[in-house]
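Peer 1: What follows is a single structure, and I will ask about it in a moment.
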Amino acid sequence: MSVPDPTPSAPQVDRPRPVFSRCYARLSKQMEAGGMAPLRRELLEGLTGNVVEIGCGNGMNFAHYPTTVTDVAAVEPEPYLRALALRASTTAPVQVRVLPGTADRLPLPDHSTDSAVVCLVMCSVDDRPAMLAELIRVLRPGGQLRFLEHTLAETPALRATQRIIDATVWPRLAGGCHTAVDTTALISDAGFEITRLRRFRFPDIRITLPTVPHVLGSATAPASTPPTLGSAATP
């Protein structure tokens with residue numbers, strides 16, 4: 001179910017990646033059929049109230065939101081993917097607002113959101129600590145963060161491979177994606193308390209590629225936050 005977005009696309013927050021966005025739109029459908037769909041359902045299960053989703057891409061999560069969610073503010077800086085997300089929002093089982101914006105400057109007021117969702121996006125964010133600080137800003141104290149992300153490998157050899165490809169061709173080919181991201185450490189260091197965590201391989205193939213290690217889990221925002229120096233968002 002879509003709600004028209006009266007906010008015009010703001011060029012200063014757009015991050016066009018014309019080649020990657022079109023490749024990802026096709027690849028995401030293959031991933032969905034290859035086992036990502038149940039992972040998305042697990043990620044979103046039990047959510048209630050207002051949700052902000054960071055880097056919603058082409059809106060593949062929208063169909064999996066439970067009807068206990070009252071509103072999703074889905075933020076996406078890539079124009080082509082944002083247009084596809086807007087189309088996907090029209091058939092979502094919950095109210096979805098697709099908004100232009102970046103992870104470090106969300107178009108939401110302070111402490112206005114019950115839960116936040118990050119799904120396959122932290123790997124491509126330039127400033128991850130700033131993104132997590134921004135999530136704490138928009139989340140209500142004690143609000144929930146759900147995450148489904150690539151992560152740093154557990155073996156030294158695969159970690160070394162991740163760092164090599166991150167320093168060479170992979171980010172250019174994959175829209176800024178970096179594989180050697182210690183997702184859970186970043187979330188904990190930002191002040192969240194991780195309450196559920198599952199490590200797994202996706203896709204679960206015989207050869208362990210640098211992009212295979214993933215984590216899925218939940219974390220709780222601090223119960224109280226210090227006063228902000230000034231909101232980066234507009235209501």
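Peer 1: In region 148-190, which residue that is farther than 19 Å from residue 135 by Cβ and among the charged types (D, E, K, R) is modelled with the lowest pLDDT?
Peer 2: Going through the qualifying residues, I end up with 172.
Peer 1: Here are 82, 97: which of them is in a strand (DSSP E or B) and in contact (Cβ under 8 Å) with a residue 24 or more places away in the chain?
Peer 2: Sole residue among the options that is in a strand (DSSP E or B) and in contact (Cβ under 8 Å) with a residue 24 or more places away in the chain: 97.
Peer 1: Here is a further query. Can you name every residue in region 190-211 that is in contact (Cβ under 8 Å) with a residue 40 or more places away in the chain and either among the small types (Gly, Ala, Ser) or surrounded by 15 or more Cβ atoms within 10 Å (Cβ to Cβ) (or both)?
Peer 2: Result: 190, 191, 192, 202, 208, 210, 211.
Peer 1: From the list 193, 154, exactly one residue is of a type in the set (D, E, K, R) and closer than 25 Å to residue 110 by Cα. Which is it? Quick ask: steps written out before the conclusion?
Peer 2: On the way: 154 fails: closer than 25 Å to residue 110 by Cα.
Answer to the check: 193.
Peer 1: Which one is surrounded by the most Cβ atoms within 10 Å (Cβ to Cβ), of the residues in region 156-172 that are in contact (Cβ under 8 Å) with a residue 24 or more places away in the chain and over 15 Å from residue 120 (Cβ atoms)?
Peer 2: The qualifying residue surrounded by the most Cβ atoms within 10 Å (Cβ to Cβ) is 162.
Peer 1: Would you tally the residues in region 102-113 being surrounded by 24 or more Cβ atoms within 10 Å (Cβ to Cβ) and within 13 Å of residue 15 (Cα to Cα)?
Peer 2: 1
Peer 1: Out of all the residues in region 76-132, which are in contact with a Gly (Cβ under 7 Å, 6 or more places away or on another chain) and either of a type outside the set (A, V, I, L, M, F, W, C) or more than 19 Å from residue 218 (Cα to Cα) (or both)?
Peer 2: 76, 77, 81, 84, 85, 88, 89, 107, 113, 114, 115, 124
The values are calculated or read from the model by the stated rules, or taken from the named source; none is laboratory data. Note that the structure is predicted; figures quoted are calculated from it, not measured. Glycine also receives a Cβ, built like all others from the backbone with ideal geometry; neighbour counts cover every protein chain displayed.
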